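Every read-out reported here was derived from the displayed coordinates using simple, explicitly stated rules and does not represent laboratory data. Note that the structure is a prediction, hence the values are computed from the model and not measured. A quick note on method: Cβ atoms are made from the backbone with ideal geometry, for glycine too, and the neighbour counts reach across all protein chains shown.
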Amino acid sequence: FFFLLMSPVLPHAPPSPTPATNMTTIAALNVPTLLARSTTAKRDVRTNAFFQKKVTGVAAAVPRAGQKYANVAAAVDAGLIQGVAPFPEGIDVFGFFNDIDQAEAQRYADVEITHGRLAMLASVGFLVGESVEGSSFLFDSQVTGPAINHFQQVPLPFWLGLGALIFIVEASRVQIAWQSPFDASRLGLMKDDHTPGDYGAFDPLGLSKGKDEEWLDIHRLRELNNGRLAMVAITAMVAQELNTGINLVLADEVLGIKGGGALKAMEASCAGSLDEAACSKAFEAAVAAGTAVL
């Protein structure tokens, strides 16, 4: 799963027309030291927003350390990040983008894409993991219970392998995207020409081969927005399992069949039991058959 960190299947900025710099440079746009928020231009947040910006001559800005964006709307105007309906100017509830250094904004954009990819994998992993738990497919039936507890149950070799994989991936990311701490003006700076989310030509299924730029731009924005949704979704999944202590899928099925009373009864019967998965499945079957004691 962590290989997706390296996946720029659809990089988030226009590729350069020259082969030597394809998918690694951001089209140049001279941005003033402090960008003011536009009050007249209506921002396009449709799925082809990236493409429309390039058609009208607006490309993603090259972020410069020491120069600033006034707010999140200025970063959206510059093309570094993308707004989404119903927030065409972007949304920044806590003001992280107020008077932000452009290099820091570039890092935030990269972090958002990376975490969105991980959240999409995590959301699918929660559902798949709970669907196959208790079967020989998942570590010879050794892993059971809510998905939030699966990771702690895996054997030590899995931990060691995962740790090595994370080290390799993160080391590669640093080499590709980050400036050397010995050459940069300060620590934590990404390379000026790094496109947020672009970590090499990773497209094993060939989904982008032969596609025009508009198609790529549409899917870049779809990836970004689905990643945003997935971050909210996985947060809710974890919160629910921490609160109920039972399997997410089965809990939702019981809630849908008999409502909150049945879910409370399921929690009382199964949360913390030695085999929560088996208990929850049996309880869900009893609820569906109408024989459960509620």
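A few notes on this one:
- Full-extension gain in nm, D203 to A288, via 0.36 nm per residue minus C-alpha separation: 26.3 nm
- Sorted peptide list for 74-82, 207-215, criterion being average Cβ within 10 angstrom, highest first: 74-82, 207-215
- Think of the range 186-280 as a dipole: +1 on every Lys or Arg Cβ, -1 on every Asp or Glu Cβ, centred on the Cα centre; then among N226, P204, T244, T244 lies furthest on the positive end.
- Here the simple spin-label model places points 7 Å from the Cα toward Cβ, and for V84 and F182 these points are separated by 4.1 nm.
- Treating r as the C-beta distance of D252 and L156 and R0 as 25 Å, the FRET efficiency rounds to 0.15.
- Listed residue (Q106, A122, G95) projecting farthest to the positive dipole end of the range 81-167, Cβ model: A122
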